[in-house]
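Just below is one structure, and these are the notes that go with it.
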């Protein structure tokens, strides 16, 4: 059994995550600015203040999860590459010993 991971594709996909995080951050900032600019009386209608705050909390959670995902993928790719190099070296050493 073998497991092969397309490292270049994984890296390429992972490199897109910071831009996505920036978009989420921009959405969060826009929501915050919008919430601040709304009249207090309007915010109290239909519990708008609480609903906007809940949306902001959800966006912050998504932002945090994306940052964690990016960091985890980066670390796992590095570990995978290190293990792949180590295993290839061990396989080459074994082949050399068997050939002696």
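At-a-glance table
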item: Calculated FRET efficiency for the pair residue 42/residue 13, C-beta based, R₀ 41 Å, to 0.05; result: 0.50
item: Translational diffusion of segment 8-99, µm² s⁻¹ [Kirkwood Rh, Cα pairs; Stokes-Einstein; 20 °C; 1.002 mPa s]; result: 128 µm²/s
item: Where the Cα pairs of segment 60-100 fall when distances are cut into 10 Å bins, in %; result: 27, 26, 19, 15, 9, 3, 0
item: GNM result for the chain, Cα springs below 10 Å: residue of 25, 72, 34 fluctuating most strongly; result: 34
item: Computed [θ] at 222 nm, helices only, for the chain once each DSSP H run of length n ≥ 4 contributes -39500 (n - 2.57); result: -30500 deg cm²/dmol
item: Spacing of the two label points (7 Å from each Cα toward its C-beta) at residue 69 and residue 88, in nm; result: 2.9 nm
item: Principal-axis tilt of helix 17-37 within the chain, Cα atoms, nearest 10 degrees; result: 10 degrees
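Where a number appears in this text, it was derived from the coordinates with a stated rule and is not lab data. Only a predicted model underlies this, so the values are computations on that prediction, with no experimental measurement involved. So basically every Cβ, Gly included, is an ideal-geometry build from the backbone, and we count neighbours across all protein chains shown.
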